[in-house]
Structures are given as C-alpha cells and as structure tokens.
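No value in this document is a laboratory result; all are computed from the given coordinates. If you're wondering where the values come from, they're calculated on a predicted model, not measured in any experiment. Cβ coordinates were reconstructed from backbone atoms using ideal geometry, including for glycine residues, and neighbour counts include every protein chain displayed.
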Amino acid sequence: MNNFVYDIPTKVYFGENQLKNLGPELKKFGTRVLMTYGGGSIKKIGLYDKVVKEIKDAGLELFELSGIEPNPRIDSVREGARICKEKNIDVLLAVGGGSTIDATKFMAAGAFVEHDPWEFFVSDAPIEKALPIVSILTLSATGSEMDAGGVISNPETQDKYGRLARPLIPAVSFLDPTNTYSVSPYQTACGAADIMSHILEVYFNMDQDLYMLDCFMEGLMKTVIKYTPIAIKDPTNYEARANLMWTSSWAINGFVNGGKNQAWSCHPIEHEVSAIYDITHGLGLAILTPRWMEYCLDETNVSKYVQFGINVFGIDASLPPMDIAKEAIKRLSDFFFNTLQLTSNFTDLNIDETNFEIMAKKSCEDSILEGFKPLNQKDIKKIYEMCL
Ligand code: NZQ
Ligand code: ZN
C-alpha cells in the first residue's frame, strides 16, 4: 500500500440543540458574517429564524445572500465574492445542502482575488486563501460539509466543473439530523445515490490498500442501504437521518481514500449530464453507476465485484464469480430504481443521444478517464447509450 496523509480540520457539532455553539464559533473568526442559503427551505423549516437569533444574540453583524440554486451557478459565486469584498466579511455561514455549501466555498476564495471566480475552474487559478467557512447542513448527500471540494455550473457555456483546494474545507460544520426531516423522498433518494457513488468511486479500485478501509466502506454502504428506505417512509426517524448524515460526511472526507490512487469515473461522466440537462446530481449517478459497473466488468477485475456482492448484498459466495458480479449489479439497480423509486433511464428524463458525443469528449477531457478501468470517449459514449 502507498503512504498517505490524513488531516481533516473540520470541527463537527453533531446532533440536536447544538446551535448554541454557533455564535461562539463564528466569533472566533470576527464579527461580520455573510449567511448564504438556497431557495427558501430553511425558512420553511424554521431554521432561518433560529440561526438569525443566534447570530444576533452573539452581537454579530449579519449579511445575507439567498437564492443559491441546485447545481449552483457561477453568478451566485460572483455575487457572494463581491459582497465579501464590499462588506469586509470575516466569516461565511452556509446554511443548506451541497449546492449552498459549494457556492459559498468559492465565494470565500473569490474574496481574496481580483479575477473572475470562474478562473478557478477554467484556468486552474490558485486557491491559496479563503475566508473561513462554517456550515449548517440540511441535506445528507455531497459531503461538502467536511471536504475540500465544490462543483459550480456555468449555464452560458454549459460547463459544470469541480475543484478541490484545502482552504475550502469548512472550519466548523453543524450536523443536526432533524434539519433533514423535511427533505423530500426524492431528494433523500438522490442523496443516498450520491453517497453510494462517493464510496463506490473509491471502493472500485484495484490498488492494494488497507483491508480495514474496504470493510469501513462496506459498512457505510450497508448503512445507506439499510436506512434510506426508513428515512423515506418515516422522514422524522432520527436514527435513520442521523446515520445518513454522518455517512454522507465520512464517504468523502478523505478517510476512506487511504493511499489509493484516486481517479473517479462516474462523477465526471455525470457532471456533463447535469451541466446540460440540470438534473439532480444523485439521480444522474443512480442511472449511470450500474451501467458503468456493467461496462467495466471483466475477468481481470471481477474479484472486486465479488467482494462487493458478498459483503454488501450478502450474495451466496459459492456461486461462480461472474454470476455474483452480475447479481451485485442487479441488486444495486434494484436498490436505486425499485426500493428508492428513482427514474432508471435517460429517456424518461427527455435526454436523448444528441449531446452524447460532446459530453463524452468533455468528461474525459479529450483524453482517457483513468479510473477503475480506463475509459476513452468511445467507452463513455457507450455508457451513456446504455442509460437510454
Ligand atoms: O434551495 P433550497 O430551498 O434550500 O432547497 C433545496 C434544493 O431544492 C432542497 N433542500 C435542501 N435541504 C432541504 C431541502 N428541502 C427541504 N428540506 C431541507 N432540509 O433540496 C434541493 C437540492 O439541494 P442541493 O443543495 O442542490 O442538493 P445536494 O446537497 O445534493 O447538492 C448537489 C450539488 O453538490 C454537488 C453536485 O454536483 C450538485 O451541484 N456536489 C458536491 C460535492 C462536494 N462538494 O464534494 C461532491 C458531489 O459529488 C457533488 O458533485
Ligand atoms: Zn457526488
């Protein structure tokens, strides 16, 4: 196995009634707070009022930026960076799902540069500094609350790009499962598919690494499979929401990576779909992942599918390896499309083959997507076609 560095600096307040710590945590960074949020769900659930009260009670000065879209747009980032500079903001407080947290990350970095924040994505402009970010998570999915990444869309160019940078890791995150009670069955299911994909992108890797990490990932996946249907049926089930919330963070906070060479496949392939068709990221992943697994399966890598099928889905270990692998893919599809009731194909989303060529070209950056199995443009186009 390879050497690695493990260093996750996010302080997490997990559970109910932790907001009393919000004021003191924000105060550590200064007095001028920019609170960011999406289309209004935090007002509907009463979280907005609670957060504003804590900020006011702590004697902090509050600025706000609302309306951050799902698949957040670069224009929101531009506006946030502008406010940070103009109002001399000390700390950003993102209240919402991954879209709000992601956009806030690049506002925090944009506050320190003179150039357009889109340059972070198209010119790889350095991200050396960012204002401190505090998050209050309301949707279990992306892991943005505890990772260094963010994904931003530009509708003008139909691009959706991700970027990782250490200064973007939230300093503090509040993870209260009750804030996710109002998440719809659809968004709960999409979040589950996203969490599963974050794990599968690392798990499906033929590098030798720690057995312990594979077991940990299998445990995370079993947690998603066990608790998502419960959260959908019984949205205020604390145990289910808590398990999903903590799993979303640990799926992508770097812990499971160990020393494995990291190269993801389904995410770059999906980002091209949501860039053009603005679909929910987790839904795109649910449709693509089983097809990607099917496309990549061969005699050289079947052992990984066997491990997955036996340890995650409890498939009979005495069956021939190829049968176990195919059954594992089927069980994953069943989970996404039957148990979680997610749409199973592109056609039902009015996505046809029109853009597959260009999407495939962009997702591998006109080269090879080095992942579990290297994929070129032709391979990726075939995977898109399998999703129709
Ligand atoms: O905007 P509001 O009104 O808040 O409504 C949102 C939005 O419509 C709603 N919602 C959130 N919390 C809710 C709620 N509705 C009711 N009750 C609540 N408690 O849910 C909708 C979707 O929210 P969004 O933030 O877009 O979802 P998600 O957390 O899945 O974020 C998706 C974005 O994150 C990116 C995706 O590409 C996508 O742009 N990703 C970020 C990653 C990262 N930072 O590491 C990794 C992921 O792989 C992913 O690419
Ligand atoms: Zn994802």
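Taking only DSSP H segments of four or more residues, each worth -39500 (n - 2.57), what value at 222 nm results for the chain once the sum is divided by all its residues, to the nearest 500 deg cm²/dmol?
Numbers: 15 runs with 179 residues, N = 388.
One gets -14500 deg cm²/dmol as the mean residue ellipticity at 222 nm.
Each of 193, 133, 150 was placed along the dipole of the chain (beta-carbon charges, centred on the mean Cα), and the one lying farthest toward the positive end is 133.
Spacing of the modelled spin labels on residue 226 and residue 337, each 7 Å from Cα toward Cβ, amounts to 2.7 nm.
Per-residue extension of 0.36 nm, minus the Cα-Cα distance of residue 294 and residue 44, leaves a gain of 85.8 nm for this segment. Extension gain for residue 87-residue 303 works out to 72.2 nm (0.36 nm per residue, less the C-alpha to C-alpha distance). In this rough spin-label picture, where each label sits 7 Å from Cα along the Cβ direction, the residue 370-residue 382 distance is 2.2 nm. For the range 137-179, the residues whose backbone nitrogen is under 19 Å from a point 7 Å from the Cα of residue 128, taken along Cα to Cβ, are 164-169. If you take all other residues with their beta carbon under 11 Å from the beta carbon of residue 281, and give Lys and Arg +1 and Asp and Glu -1, the sum is -3.
Ordering 291-297, 87-93 by mean Cβ neighbour count within 10 Å, with the highest value first, yields 87-93, 291-297. Between residue 278 and residue 345, full extension at 0.36 nm per residue minus the direct alpha carbon distance yields a gain of 22.6 nm. Once both axes come from the Cα atoms, what is the angle between helix 211-233 and the longest principal axis of the chain, in degrees from 0 to 90, rounded to 10? That helix lies at roughly 70 degrees to the long axis.
For the range 378-386, the Karplus equation 6.51 cos²θ - 1.76 cosθ + 1.60, evaluated at θ = phi - 60°, returns couplings of 5, 4, 5, 4, 5, 5, 4, 5, 5 Hz by residue, with Gly and Pro reported as x. Take the Cβ atoms of residue 330 and residue 3, set R0 to 56 Å, and the FRET efficiency comes out at 0.90.
Amide H contacts of residue 35 (H built 1.01 Å from N, in plane; Pro and chain starts excluded): 63, 64, 65, 93 sit under 5 Å, all sequence-distant by 5 or more or on other chains. Label zone of residue 20 (point 7 Å out along Cα→Cβ, amide N under 18 Å): in the range 34-71 this covers 50-59.
Database remark: amide H of residue 136 closer than 5 angstrom to the amide H of 94, 95, 96, 174 (H placed geometrically; neighbours at sequence offset of 5 or more, or on other chains; Pro and chain starts carry no H).
A Gaussian network model of the chain, with springs between Cα atoms under 10 Å, assigns the largest mean-square fluctuation among 232, 358, 101 to 358.
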